[in-house]
Amino acid sequence: MAQQLTTQNEMDAFAEQVARELGTHCRTRPGYPHKLGRIIIDDENRGLRLYRYDPRRPDRLQIYAALPDETQVQAPSIKVTAISPAHVAREITRRLYPLHTQALAQAAELTARQQAEARARRTVAETVAAALPGARIEEQHRRTRIIWQHVPEATGQHHPAPVDSLSVTVGAAGERVHVEAGGPPEAVLPMLAALTRATRE
């Protein structure tokens, strides 16, 4: 008969037994507030979050595989009946660990790809900025923006002086560069020529 996990003490005791079934060095710690649950850290330092997800079914658990960064890859989970600690440990080993391994590999692949993109983007951005002394660099989400502005010397006129400007946005992996320029032709054309030389070198 499945165990009825209706209190935090019952959940704590059950999770401790599951941890012992998983390995000799597994340990537990409190879960998140306002949820009947417990966290298990297994022998390989993998995190498992056990929750009773439906108060109407105190014998049912949802178990999530904790990932280092869950903003990019969704944490896999399984639902299992609390028949016994040994049964839950077997289901974790059989069903959840393979999903956990896949999710970690996917997260590592995404991280490596984003790091490579960032290096390529930085190389392009530094080349562009070198051609525009005094330019300001702003990092955005998977984009780099380079802003250059120049206020010509005052001409004695009473209206505001025009501002020569150049805004360059470098794509995620440095594969595309978007340029916006503003100012009189005699100011904009040399800027564009400098940018063209920089991208050829």
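A few comments on the model shown:
- Among the residues listed as V124, V163, the single one being at pLDDT 85 or above and open to solvent by less than 80 Å² (accessible area, probe 1.4 Å): V124
- Only strands (runs of 3 or more DSSP E) whose full extent lies in region 1-63 are considered here, and the ones with at least 2 residues that are loosely packed, with under 13 Cβ neighbours inside 10 Å are 27-30.
Okay, residues lined up against (1) free of Cβ contacts under 8 Å to residues at least 12 places away in the same chain; (2) in contact with a Phe, Trp or Tyr (Cβ under 8 Å, 6 or more places away or on another chain):
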position	(1), (2)
Y64	no, yes
P68	no, no
Q72	no, no
P76	no, yes
T101	yes, no
A108	yes, no
A116	no, no
R121	no, no
W148	no, no
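- Of all the numbered requirements in (1) assigned to a helix (DSSP H, G or I); (2) farther than 22 Å from E44 by Cα; (3) polar (S, T, N, Q), T71 misses one, and that requirement is (1).
- Flag if R90 is modelled with pLDDT of 95 or more, assigned to a helix (DSSP H, G or I) and either among the charged types (D, E, K, R) or open to solvent by 50 Å² or more (accessible area, probe 1.4 Å) (or both): yes
- Which listed residue is of a type outside the set (S, T, Y) and within 29 Å of the chain's Cα centre (by Cα), from R29, R20: R29
- One residue from A130, A112 being of a type in the set (A, V, I, L, M) and in contact (Cβ under 8 Å) with a residue 12 or more places away in the chain: A130
- Qualifying residue in region 108-115 (condition: at pLDDT 85 or above, surrounded by 13 or more Cβ atoms within 10 Å (Cβ to Cβ), in contact with an Asp or Glu (Cβ under 7 Å, 6 or more places away or on another chain) and under 30 Å from E44 (Cα atoms)): no
The values are calculated or read from the model by the stated rules, or taken from the named source; none is laboratory data. Small disclaimer: the values here were computed from a predicted structure and weren't measured. Note that each Cβ is placed from the backbone with ideal geometry, even for glycine, and that neighbours are counted across all protein chains shown. Note: accessible area is taken over every heavy atom of the protein model, side chains too, but ligands, DNA and RNA are not part of it. Shrake-Rupley method; radii C 1.70, N 1.55, O 1.52, S 1.80 Å.
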